[in-house]
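Reading through the C-alpha cells given below for one structure.
The values are calculated or read from the model by the stated rules, or taken from the named source; none is laboratory data. In this text, all values refer to a predicted model and were calculated from it rather than measured experimentally. Glycine gets a Cβ as well: all are built from the backbone with ideal geometry, and neighbour counts include every protein chain shown.
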Amino acid sequence: MDDHAPRRSIRIHAPEDFAGMRAAGRLVAAALDMIGAHVRPGITTAELDRLCHEFVLDHGARPASLGYQGYAHATCISLNHVVCHGIPGERRLADGDILNIDLAVILDGWHGDSSRMYAVGQAGTRATRLMEVAHEAMMRGIAAIRPGATVGDIGHAIQRHVEAARFSVVREFCGHGLGRVYHDAPNILNYGRPGTGARLRPGMFLTVEPMVNAGRPEVKVLSDGWTAVTRDRSLSAQYEHSVGVTEAGCEIFTLSPG
Ligand code: MF3
Ligand code: CO
C-alpha cells in the first residue's frame, strides 16, 4: 500500500482470530504455489490473473483487490522494472523476465496477503541476486517481530540487509496491518531506526513487504494511476508475507506448505 494512512490505533486480535488468518494465509500460499507452474514464456499476465482469480473463487474466497479503490483485477503482476501494482494485461512473458505476483484474499472475513517473485526460464545473475536479497530482507524484517520490538526495528532490519547488498529500498510503499480489513494501521515502513515507532504486541496482524530496486530507490506511477516503475528503469523485486505477533515472536500465515 502507499504510505498515506492516517494514524489509527492498532487492533489487538484475540487468540481465536489466528485460526481465520491461518486459513486465509494458507489459501494465498496455495494459489501462489499453483501459479508457479503457469509462469512460462508466452502466457499473458491477464491469463495468470484469471487462473489466480478462479482458484480463489473455487476455494470459497474472493480476491481482496477486486473493487479496492477501483482496482479491477484479482492480482497485481509487476514485471522487471515495475515496482508494484502492475495491472494484468496482454503482455506475454518472455524468457528472462522476473515478475512479482501479489494476491490478497478474503476468506470467512479474514484477509491473507502475500506476494512472491517468479523467473521465466533463466533469470540473469543480477536479477537472481536481487530476488534473493528481497526475500532475505523480508525474512530479516519478520525475524525482528516480537512483543516489545517496534515497527522501526522491522524497517531497520530490512534496510540494513538491502543496502549492505548495494541495492535500494523503495520509500513510497509499505507493509500494513490487516485482519478483517485489507489495509489497517500500522504502516510497516521498509526502512527506519531501531526502537522507533509503534511497539508490537501479541495479537497484531501485519504484512512485511519490502520493495527492493537494483538501482536508485525513486519510483514513478504511470498514467494508468496504478503501475509504479523505477525512475531509472532498474529491476525491482518484492516479497510479502502476512504474520501475527505471538508471545514468542511471530507466526507467518502465508508460508507455503511445500
Ligand atoms: N498489493 C498491495 C498490498 O500488498 C495492495 C494493492 S491494492 C490493489 O498491500 F488494489 F492494487 F490491489
Ligand atoms: Co500487502
Requested in this report: Tally the residues that are over 26 Å from residue 60 (Cβ atoms) and within 15 Å of ligand 1 (Cβ to nearest atom), restricting the search to the stretch 95-105.
Outcome: 1
**Report entry** Subset of the stretch 189-231 [within 23 Å of residue 153 (Cα to Cα), surrounded by fewer than 16 Cβ atoms within 10 Å (Cβ to Cβ) and among the small types (Gly, Ala, Ser)]
**Finding:** 195
Query raised in the report: Restricting attention to the stretch 174-193, which residues are assigned to a loop (DSSP other than H, G, I, E, B) and not hydroxyl-bearing (Ser, Thr, Tyr)?
Result: 174, 178, 179, 180, 181, 183, 189, 190, 192, 193
Requested in this report: State which residue pairs qualify: first residue at pLDDT 95 or above and of a type in the set (Phe, Trp, Tyr) and inside the stretch 63-87, second residue within 7 Å of ligand 1 (Cβ to nearest atom) and not in a strand (DSSP E or B) in any location, beta carbons under 6 Å apart, and separation of 6 or more residues or different chains.
Outcome: 71/65
Query - Residue among 51, 79 that is in contact with an Asp or Glu (Cβ under 6 Å, 6 or more places away or on another chain) and not small (Gly, Ala, Ser) - result: 79
**Report entry** Matching residues in the stretch 99-155 - criterion: being surrounded by fewer than 21 Cβ atoms within 10 Å (Cβ to Cβ) and polar (S, T, N, Q)
**Finding:** 122, 125, 128, 150
Requested in this report: Report whether or not residue 48 is among the aliphatic types (A, V, I, L, M), touching a His at 6+ places or on another chain (Cβ under 7 Å) and either at pLDDT 95 or above or over 15 Å from residue 103 (Cα atoms) (or both).
Outcome: yes
Query raised in the report: Only one of 118, 182 is among the aromatic types (Phe, Trp, Tyr) and over 20 Å from residue 37 (Cα atoms); which?
Result: 182
Query raised in the report: Are any residues in the stretch 11-42 outside any helix (DSSP H, G or I) and out of contact with any strand residue (DSSP E or B) (no Cβ under 7 Å at 6 or more places or on another chain), and if so, which ones?
Result: 12, 14, 15, 16, 37, 38, 40, 41
Report summary line: Just one listed residue, out of 162, 212, is farther than 25 Å from residue 9 by Cα, away from ligand 2 (no atom under 16 Å from the Cβ) and of a type in the set (A, V, I, L, M), and it is 162
Query raised in the report: Do we find a residue being within 13 Å of ligand 1 (Cβ to nearest atom) and over 27 Å from residue 232 (Cα atoms) anywhere in the stretch 74-94?
Result: yes
Report task. Give the residue that is surrounded by the most Cβ atoms within 10 Å (Cβ to Cβ), with candidates limited to residues of the stretch 232-254 that are aliphatic (A, V, I, L, M) and closer than 23 Å to residue 127 by Cα. Result -> 237
Report task. Please work out which residue is surrounded by the most Cβ atoms within 10 Å (Cβ to Cβ), limiting yourself to the stretch 156-168 and to residues that are away from ligand 1 (no atom under 16 Å from the Cβ) and in contact (Cβ under 8 Å) with a residue 40 or more places away in the chain. Result -> 162
Query - Contacts under 6 angstrom Cβ, first residue in the stretch 88-115 being part of a loop (DSSP other than H, G, I, E, B), partner within 16 Å of ligand 2 (Cβ to nearest atom), 6 or more apart - result: 88/73; 88/77; 109/180
Report summary line: Checked against (1) of a type in the set (Gly, Ala, Ser); (2) over 17 Å from residue 225 (Cα atoms); (3) within 16 Å of ligand 1 (Cβ to nearest atom), residue 109 satisfies every condition except (3)
Query raised in the report: Picking from 108, 97, which residue would you name as being more than 13 Å from ligand 2 (Cβ to nearest atom), in contact with a strand residue (DSSP E or B) (Cβ under 6 Å, 6 or more places away or on another chain) and of a type outside the set (Gly, Ala, Ser)?
Result: 97
Query - Failed item in (1) more than 16 Å from ligand 2 (Cβ to nearest atom); (2) farther than 23 Å from residue 215 by Cβ; (3) acidic (Asp, Glu), with residue 113 passing the rest - result: (1)
